[in-house]
Amino acid sequence: MVAYGYSCAMGPKGRPIGIWIIVILEAVNAMFGLADVVAGTNLSGAGVNRLAHGDDVVRAFVIVWGALLLIAVVSLFSLRRRGWALMMLLVGLSLAANLITWWLRPAETQWVSLSLNVVAAFYLNSAAVRGLFLERREVTRISIGGRTAS
């Protein structure tokens with residue numbers, strides 16, 4: 001698909017391969033985070049279960065975050081502009097949290113998460129991908145006094 005003179009490698013169902021990869025990774029991320037809090041697992045490796053143990057505010061935050069990620073995943077997969085904006089917001093906040101962790105506690109930095117967030121932010125903000133989410137609205141010509149505007 002070409003947008004603004006740039007092209008994206010297309011995958012199945014007419015979506016760029018990069019969108020497929022981000023959708024799959026973020027869906028897995030959301031499921032792992034929710035499983036950590038709800039079932040008490042440690043799938044995400046981020047220590048979410050340890051942080052949320054006994055703290056209802058953290059548990060509620062992780063559940064809301066996971067739900068927002070799933071909403072963003074479905075909307076992004078549907079190529080909706082709101083899904084792109086929500087995913088950009090969530091990726092940006094995750095990136096900020098990773099950078100704060102790196103700054104304050106370098107030993108606890110999750111390098112894979114940090115790297116994936118950087119790549120996702122740059123990919124989603126590329127001109128070709130942004131072009132997929134532009135809303136183009138056709139405006140019909142109206143007739144004023146029996147004449148059509150030309």
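Condition check ((1) at pLDDT below 90; (2) closer than 22 Å to Leu69 by Cα) across all residues:
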site	(1), (2)
Ala107	yes, no
Val112	yes, yes
Ala120	no, yes
Ala128	yes, no
Self-check item: Within region 93-113, tally of residues that are under 14 Å from the mean Cα position of the chain (by Cα) and either under 20 Å from Leu134 (Cβ atoms) or crowded, with 16+ Cβ neighbours inside 10 Å (or both)
Solution: 3
Quiz prompt | Residue list for region 122-131, restricted to those being surrounded by fewer than 16 Cβ atoms within 10 Å (Cβ to Cβ), assigned to a helix (DSSP H, G or I) and under 13 Å from the mean Cα position of the chain (by Cα) | solution = Phe122
Quiz item: Going by the structure shown, is Val57 modelled with pLDDT under 90, in a helix (DSSP H, G or I), out of contact with any helix residue (DSSP H, G or I) (no Cβ under 9 Å at 6 or more places or on another chain) and not charged (D, E, K, R)?
Solution: yes
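The values are calculated or read from the model by the stated rules, or taken from the named source; none is laboratory data. None of the values given here were measured: they were computed from a predicted structure. Positions of Cβ are backbone-derived with ideal geometry, glycine not excepted, and every protein chain shown enters the neighbour counts.
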